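What follows is a set of notes on a single structure, which appears directly below.
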Amino acid sequence: MNIVEKESIEVIAQSIGVGNLSPDVLPSLAADIEYRISEIMQEAIKCMRHAKRTAMTSDDVDSALELRKMEPIYVASGDSLRFKRAARHKDLFYVEDKDVEFREVIEAALPKAPLDTAVVNHWLAIEGVQPAIPENAPLEALLTPFDNKKPDFKEDGVSIDMKTPVKHVLSIELQLYFEKITDLTVSRSNSIIFNKALLSLATDAGLHPLVPYFIYFVAEEVTRNLNNFQLLFALMRLVRSLLQNPFLHIEPYLHQLMPSVMTCLVAKSLGNKLTDNHWELRNFTANLVASICRRFGHGYHNLQLRVTRTLLHAFLDPAKAFPQHYGAIKGITALGSSVVRLLLLPNLDPYLQIIEPEMQLDNQKDESRRHEARQVHGALMCAAGLCIYNQLKMIPNLFSPPTHAIWKSNGKDLTANPNKRKAGINNLMMEQTLKKAATGDGSVGGHLVKVEMPGASSGFSITRGVSDVGVHPLPRYLPNDNIPGSSGRRDKFGGAAQTSSVAVARAWKKEVNAGHLLPKLYDLFGESMLPFVPSPELCDIYI
Amino acid sequence: MEEEVLDKAVFLYLKKKGFTQTEQIFQQEQHSKNKNSSSSVNATDVSLSDPDLAKQILAFSQSESIPALYHDGYSKLRSWTYSSLDLYKHELLRVLYPVFIHCFMDLIAKGHLQEARTFFNSFREDHEMMHSRDLTKLEGVLSPSHLEEMEFAHSLRQSKVNIKICQYSYELLLQYLHKTQSITMLGIINEHINFQVSPGQPSSISDDAEAFSLVGSGQDAANLINQKEIHWGLLEDSLEERLDKAGGLLSDSEKTEGDAKEGELDENKKKSTEGGKQGGPLKKLKKDKVSGAAGKAARGEGEKASAAPRVKPELTLPTIPTDVEHSILEDLRNRVQLSNSTLPSVSFYTFINTHNGLNCSSISHDGSLVAGGFSDSSLKVWDMAKLGRMGSSMLQGENDSAPNENTLGSNGGKRSYTLYQGHSGPVYSASFSPLGDFLLSSSSDSTIRLWSTKFNANLVCYKGHNYPVWDVQFSPLGHYFASASHDRTARIWSMDRIQPLRILAGHLSDVDCVQWHMNCNYVATGSSDKTVRLWDVQTGECIRIFIGHRSMILCLAMSPDGRYMASGDEDGTIMMWDVSNGRCVTPLVGHTSCVWSLAFSCEGSLLASGSADSTVKLWDVNTSVKMPKSEENKSGNTNRLRSLKTLPTKSTPVYALRFSRRNLLFAAGALSTNV
């Protein structure tokens, strides 16, 4: 409780020339001084309050001294007397006392006279509602009225409208953590410690304040380092860890995150060296995208829709490079066999016609390109195979003929419309928020694949428009609807079996269709399709 | 130990009787005894062998001085306690009561009955408030045998009192006792008080339930003072009441008469309203908006107000000129009814370029005049109506050049305000008379000055306080005013006398703010001792004490129906009190810094608060009042329901608030750069 130490008394006594102070009086002097100081402070606080201030000034202390009938300390008031901490001493303070040249003071130009006090009037509220006028606090401040508001006031009394940024306070520990992680990601992603870091990211609670920073970090780094394979891979692993963390609430940042992730899936080139195994990165990212869709698909029903649309565009655009096609295919595959069936298989036939010649040694001399084509072919085959496998596996469980009729009747028109409109509204809102975000960081646009966000109805015209222009040479294979299974799809399936679009909507549920599918795929891929057939009996039946 | 006491007693006795030689010999003996410690053992043995003798010696020495010792010791301790630091005072005060009763009982026990009585009577008033019941019991103790018989006294003698006290207060107390050599007091304190010393800050005054239940008497004793009768109702024959009646009759006979009157009154009315309402463009705006709901609103309000009991005025009140009365009635008719769904419009007066010098601000009832008191001893008054007109005339061009010249001329030069100079210290408070023709200001030069806004001159200087006057306020009907000062008193004055009419003493620290009751019969004061007191103006007695705040009280407001009072403190807490029983209705929590100003809307449904956190908050009074305290404790979020709206300013702490008679809320504050 002792504020005034007896050592200080000794020092003060010496400084005013009292050398022979007996040690007995020191404690009682110290106690008395402490009491007197608190007494003065008590009065000074009263003066401060009655001057309607919340910070004490030297005037208040002077007034308090006068109240106690003591001589005030005659010093300049204001900010000129600021105690400074002496260098290398923790508890030593001093007042800076500058030498002032007399002549300078005399010759200096007179300062401007202070402006006279005035009163201005404005409406703080009209019937309880604050009008949006410059005199009132900006609306942002309404949300955080107690955040430190910067005085937007100039000496001439003109107030300017200034937006006050909301301060986001991060603890020192979190800052250090963030720096450490980002540092590891950038420079030492091969080390064991990076794996530890990822583990920590995936499990630690309390990292939530860092999420926006990590998301921004990922977006920044992806944009800047498209040719740094190592880093991209590390970033994707970081994203995966963040997604795995059960304590983090990533949803609000998804719209910022998705462009980065999608870039790593379908960008034209990832890494600059041949040795960079960008195929692996694409595989990894494809799974990541799929996991995002699975996890957040319920909350944002157009999330998967937007992802598939992006992927499909990458896939159907022959102008894009094979690695991009590969990424798209992988992405679609990871989303599940139904998506593959609806989006990939219809386009399989024409696509293979394009890719076949690329794989021939005599047609394509470029070794690397041939390799890429082969990779894409492999991916396609894999996708188709998984698809057929899943379907054949389901057959025994799906013998429920009575339901077919119902499915057919409501499959297309009856229920589709209201849902569509709803989805349209949702999409529109989503679009707005995303647009905002997009304009926020315009620099990203150059490299990142923009996730397209057409609404079920409104967005449609956009894609059609594009296809009409002729960018896509395969316009007839654009699916009529992008929500798998939500309504009928006009199937041009090689004329093999189906003509009824209604039936095709749920075709995959029917063993018959699966039966048709397999031979078709067999035509396309040959023998390599057969290993995907689940059991030999079924195989026998259908081939 | 005992021997030392003995020696001392002998020594004192010798000194008193003037036996200097014997004294010297005695002293020598003492020294020699101390020197050869081995022999001193024997000496003590000898002295101890005769305990009766020792007792006699002691008793002899005591009989001479005891009553005076107790009296002096206690009165010194008491005055020391009262002058100690506010922060620790309430803790030290707790010590006084046990010391007091034990002094009394000691005196009785030693047979000084007469002295005990005088002692008891001279100090009993201090404790009347908290422990009156115990005191009446003890009063009956008249002989040492009573002490033995009386169970209450016996239990007091037997048990020790527990007092929680912080480290620093404890040290202060001990230091004082040692320094002043008050052995008697020290003895009593050691014998009967058990200190529970806690490190750190002193406990808050509102925490000390133990203070009341010190001797098991409970809260009743504390509230005894609050059981005094109070007539909180509104004045008979108030303007509101008259309006209500008039409103009912207006349809028939009154109307014709009213028309006839209208003719002659028209001119008067115009004159009276000229200054206030026509001038401000904002007034007009409001009038348009209001006119629709006006009639109904006023009527409904009237009914509500009439539910409150009526009381007779105890002061002779000034008469209101008829033209003013009519303009007030006009205002009342046009009043907007506010409720939790219809919030008021707020017009904000921002002081700019104050250079941190603005200490207080006041707004006249119609909002046309704004006064600011500055730390450079000046008082400045802005006529907002004129400013508004100047602004509009500038827009209109040269058509109204004549009035423009006038306003400039009257203000003298380019200044937009009227400067009142006269004080010789910072001006801490200003208050407009209800009609706006007078202005009072109080200053640290311990004077109050009365200014005329018509002549722009100082009329009277009231000297009476001997320390800075923190607050001054006109009574709701004018003529009388109340002031609050650092000298721990509040005073009631009338404009025509330079001496105060009443001095209200009783607060233990500075009186920081003062507020008249609506019926002019009572005055409330808030103090640095963390209590609010309500005083009867006629008798000058304290009739209510409101305990509950945890820091200095900064502002007060009375509800228009006279039943409720709101007080705001340094921490940002606002408390709503029921004047009739002295209990806290509910605390309103929400501000983060000092609450500088409070105002009830005219029909009492809303409370506005202005704070150093640069916000104006609007609170729903009706729900706050209805909600019992227990329920409010259950659910934490009820506060949010009661707080209707927060209106942040840009960077302007809100110094003053005022609801006009038509329920437009005016607020004022200084734009500050270092909030």
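State yes or no: is A:ARG224 buried (at least 16 other Cβ atoms within 10 Å of the Cβ), outside the structural domain of A:TYR326 (by TED's automatic domain parsing) and out of contact with any Pro (no Cβ under 6 Å at 6 or more places or on another chain)?
Values: buried (at least 16 other Cβ atoms within 10 Å of the Cβ): no; outside the structural domain of A:TYR326 (by TED's automatic domain parsing): yes; out of contact with any Pro (no Cβ under 6 Å at 6 or more places or on another chain): yes.
The answer is no for A:ARG224.
Considering only residues that are outside any loop (DSSP other than H, G, I, E, B), small (Gly, Ala, Ser) and either surrounded by 24 or more Cβ atoms within 10 Å (Cβ to Cβ) or away from every other protein chain (no Cβ under 11 Å) (or both), which ones fall in the stretch B:650-671?
Kept after step one, since they are outside any loop (DSSP other than H, G, I, E, B), are these residues of the stretch B:650-671: B:656-659, B:665-670.
Retained after the next criterion (residues that are small (Gly, Ala, Ser)): B:656, B:667-670.
The answer is B:ALA667, B:ALA668, B:GLY669, B:ALA670.
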Inset, instruction - Might you check whether a residue that is modelled with pLDDT of 70 or more and basic (Lys, Arg) occurs anywhere in the stretch B:29-37? - result: no
Inset, instruction - Just one of (1) surrounded by 13 or more Cβ atoms within 10 Å (Cβ to Cβ); (2) closer than 24 Å to B:VAL10 by Cβ; (3) at pLDDT below 85 trips up B:LEU87, so point out which. - result: (2)
Inset, instruction - Please find, among B:ASP445, B:ASP487, the residue that is within 14 Å of chain A (Cβ to nearest Cβ), in contact with a Phe, Trp or Tyr (Cβ under 9 Å, 6 or more places away or on another chain) and modelled with pLDDT of 90 or more. - result: B:ASP487
Legend entry - Matching residues in the stretch B:349-373 - criterion: being of a type in the set (A, V, I, L, M, F, W, C) and buried (at least 24 other Cβ atoms within 10 Å of the Cβ): B:PHE351, B:LEU358, B:CYS360, B:ILE363, B:VAL370, B:ALA371
Legend entry - Check on B:ARG415, assigned to a strand (DSSP E or B) and charged (D, E, K, R): no
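Please work out if A:GLN304 is under 30 Å from A:TYR253 (Cβ atoms), without any contact (Cβ under 8 Å) to a residue 40 or more places away in the chain, under 30 Å from the mean Cα position of the chain (by Cα) and surrounded by 22 or more Cβ atoms within 10 Å (Cβ to Cβ). Spell out how you get there, then give the answer.
Values: under 30 Å from A:TYR253 (Cβ atoms): yes; without any contact (Cβ under 8 Å) to a residue 40 or more places away in the chain: yes; under 30 Å from the mean Cα position of the chain (by Cα): yes; surrounded by 22 or more Cβ atoms within 10 Å (Cβ to Cβ): yes.
Yes: the conditions hold for A:GLN304.
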Legend entry - Sole exception among (1) of a type in the set (S, T, N, Q); (2) at pLDDT 80 or above; (3) over 30 Å from B:TYR522 (Cα atoms); (4) not assigned by TED's automatic domain parsing to the domain that holds B:ASP445 for B:SER327, by number: (3)
Inset, instruction - List every residue pair whose Cβ atoms lie under 9 Å apart, where the two residues are 6 or more positions apart in sequence or sit on different chains, the first residue falls within the stretch B:445-461 and is closer than 15 Å to B:ARG491 by Cβ, and the second residue, located anywhere, is among the β-branched types (Val, Ile, Thr) and in a loop (DSSP other than H, G, I, E, B). - result: B:VAL460/B:ILE498; B:CYS461/B:ILE498
Inset, instruction - Scan the stretch B:156-187 for residues that are away from every other protein chain (no Cβ under 14 Å) and not in a helix (DSSP H, G or I) and jot them down. - result: B:SER159, B:LYS160, B:VAL161, B:ASN162, B:ILE163, B:LYS164, B:GLN181, B:SER182
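Can you confirm whether B:ILE193 is within 17 Å of B:GLU91 (Cα to Cα), away from chain A (no Cβ under 14 Å) and either surrounded by fewer than 20 Cβ atoms within 10 Å (Cβ to Cβ) or modelled with pLDDT of 85 or more (or both)? Full working, then the answer.
Values: within 17 Å of B:GLU91 (Cα to Cα): yes; away from chain A (no Cβ under 14 Å): yes; either surrounded by fewer than 20 Cβ atoms within 10 Å (Cβ to Cβ) or modelled with pLDDT of 85 or more (or both): yes.
Spelling it out, B:ILE193 is indeed within 17 Å of B:GLU91 (Cα to Cα), away from chain A (no Cβ under 14 Å) and either surrounded by fewer than 20 Cβ atoms within 10 Å (Cβ to Cβ) or modelled with pLDDT of 85 or more (or both).
Looking at the stretch B:466-484, which of its residues are within 14 Å of another protein chain (Cβ to nearest Cβ) and either outside any loop (DSSP other than H, G, I, E, B) or closer than 20 Å to B:ILE553 by Cα (or both)? Steps first, answer last, please.
Of the stretch B:466-484, the ones within 14 Å of another protein chain (Cβ to nearest Cβ) are B:466-472, B:483-484.
Hits for the stretch B:466-484 are B:TYR467, B:PRO468, B:VAL469, B:TRP470, B:ASP471, B:VAL472, B:SER483, B:ALA484.
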Legend entry - In the stretch B:480-519, the residues that are touching an Asp or Glu at 6+ places or on another chain (Cβ under 8 Å) and over 29 Å from A:GLU39 (Cα atoms): B:MET518
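Looking at the stretch A:23-35 only, could you name the residues that are more than 58 Å from the chain's Cα centre (by Cα) and part of a helix (DSSP H, G or I)? Walk me through how you get there before you give the answer.
Kept after step one, since they are more than 58 Å from the chain's Cα centre (by Cα), are these residues of the stretch A:23-35: A:23-33.
Residues satisfying the conditions are A:VAL25, A:LEU26, A:PRO27, A:SER28, A:LEU29, A:ALA30, A:ALA31, A:ASP32, A:ILE33.
For the stretch A:36-52, what are the residues that are facing chain B (nearest Cβ under 7 Å) and surrounded by fewer than 21 Cβ atoms within 10 Å (Cβ to Cβ)? Please lay out each step first, then the result.
Let us first name the residues in the stretch A:36-52 that are facing chain B (nearest Cβ under 7 Å), namely A:38-39, A:42, A:46, A:49-52.
Selection gives A:SER38, A:GLU39, A:GLN42.
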Legend entry - Residue check, B:SER609 in the same structural domain as B:ARG658 (by TED's automatic domain parsing), of a type in the set (Ser, Thr, Tyr) and farther than 18 Å from B:HIS517 by Cα: yes
Inset, instruction - Being out of contact with any helix residue (DSSP H, G or I) (no Cβ under 7 Å at 6 or more places or on another chain) and more than 7 Å from chain A (Cβ to nearest Cβ) is the filter; apply it to the stretch B:373-386 and report the residue that is nearest to B:ASN456 (Cα to Cα). - result: B:VAL381
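Please list, ordered by residue number, the helices (runs of 4 or more DSSP H) wholly in the stretch A:53-170 having 2 or more residues that are more than 43 Å from the chain's Cα centre (by Cα), at pLDDT 85 or above and more than 10 Å from chain B (Cβ to nearest Cβ).
Numbers: elements: A:58-67, A:102-107, A:139-143.
Per the criteria, A:58-67, A:102-107.
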Legend entry - Any pair with Cβ under 8 angstrom, 6 or more apart, that starts in the stretch B:169-193 at a residue that is under 13 Å from B:TYR74 (Cα atoms) and assigned by TED's automatic domain parsing to the domain that holds B:SER83 and ends at one that is charged (D, E, K, R) and surrounded by 18 or more Cβ atoms within 10 Å (Cβ to Cβ): B:ILE188/B:ASP106
Legend entry - Conditions (1) touching a helix residue (DSSP H, G or I) at 6+ places or on another chain (Cβ under 8 Å); (2) buried (at least 21 other Cβ atoms within 10 Å of the Cβ); (3) not aliphatic (A, V, I, L, M): number failed by B:ASP331: (1)
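In the stretch B:420-438, which residues are away from chain A (no Cβ under 13 Å) and either assigned to a loop (DSSP other than H, G, I, E, B) or within 22 Å of the chain's Cα centre (by Cα) (or both)?
Quick first cut of the stretch B:420-438, residues away from chain A (no Cβ under 13 Å) only: B:420-423, B:431-438.
Answer for the stretch B:420-438, where residues must be away from chain A (no Cβ under 13 Å) and either assigned to a loop (DSSP other than H, G, I, E, B) or within 22 Å of the chain's Cα centre (by Cα) (or both): B:GLN421, B:GLY422, B:HIS423, B:SER431, B:PHE432, B:SER433, B:PRO434, B:LEU435, B:GLY436, B:ASP437.
The values are calculated or read from the model by the stated rules, or taken from the named source; none is laboratory data. These figures come from a predicted structure and were not determined experimentally. Positions of Cβ are backbone-derived with ideal geometry, glycine not excepted, and every protein chain shown enters the neighbour counts.
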